[in-house]
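Report on the structure given below.
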Amino acid sequence: MGAQSEQSELAEHTPSSDFAKEIAAEPGGEGINKCIQCGICTASCAISSFTDRYRPRQLIQKIIIGKREEVIQSDLPWLCMTCRMCEARCQEDVSPAEIFKAVRHIAAREGHIPEVFISIVEKVLSDGWMLGDSYSDFIEDDREDLGLDTDLGWDKEFAHRVKERYFSGGETS
Ligand code: SF4
Ligand code: SF4
């Protein structure tokens, strides 16, 4: 293959939208340039088999053609559970999981985080975990049935350290 044909093949695989370039510049988003829209990722994705709303190939297509606001404001990039099955099967060495992580980074910086994720973080920061009242309803009963100590002496130290380390800008000891 000559240099000219190699260059033209590269050009065919290089998305031109500003949004695609923005994603390519974000850590993890570089693979956007190699996607050929074959759809193997969608066919491999457990979330896609669960809901028609989630299609990795289609989401990547929207990035390639520059639908920035639609993608950034969507909850779809947050539905990826990072199982990386798509990455393992992609013949072009693209990781949709990494691309969607790059999208989430940009979305988070611009304040577009789905409410459910915010509420989960707030729950962990206030209670130390996300299960809330289910502790007493389930876990405590299970521990009692198993003959385990039900008084775990939870003092929220973990939540305190997470707050200090990641939300207050300080280091913990
Ligand atoms: S990410 Fe890979 S598997 Fe998915 S459409 Fe692009 S080239 Fe195909
Ligand atoms: S990493 Fe995300 S997009 Fe890929 S198969 Fe898993 S859930 Fe689907």
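The values are calculated or read from the model by the stated rules, or taken from the named source; none is laboratory data. No experiment lies behind these values; they were computed from the predicted model shown. Every residue, glycine among them, receives a Cβ derived from its backbone with ideal geometry; neighbour counts consider all protein chains shown. Side chains included, ligands, DNA and RNA excluded: accessible areas come from the protein's heavy atoms. Shrake-Rupley method; radii C 1.70, N 1.55, O 1.52, S 1.80 Å.
Condition check ((1) under 17 Å from Ile40 (Cβ atoms); (2) open to solvent by 60 Å² or more (accessible area, probe 1.4 Å)) across all residues:
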| residue | (1), (2) |
| --- | --- |
| Asp52 | no, yes |
| Arg55 | yes, yes |
| Ile65 | no, yes |
| Asp75 | no, no |
| Glu87 | yes, yes |
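Out of Ile106, Ile60, report the one residue that is open to solvent by less than 20 Å² (accessible area, probe 1.4 Å), more than 10 Å from ligand 1 (Cβ to nearest atom) and at pLDDT 95 or above.
Result: Ile106 is the single residue among Ile106, Ile60 that is open to solvent by less than 20 Å² (accessible area, probe 1.4 Å), more than 10 Å from ligand 1 (Cβ to nearest atom) and at pLDDT 95 or above.
Considering only segment 78-91, how many residues are within 14 Å of Ile32 (Cα to Cα) and within 14 Å of ligand 2 (Cβ to nearest atom)?
Residues meeting the conditions: 3.
Can you pull out every residue in segment 1-33 that is modelled with pLDDT of 90 or more and over 20 Å from the mean Cα position of the chain (by Cα)?
Ser17, Asp18
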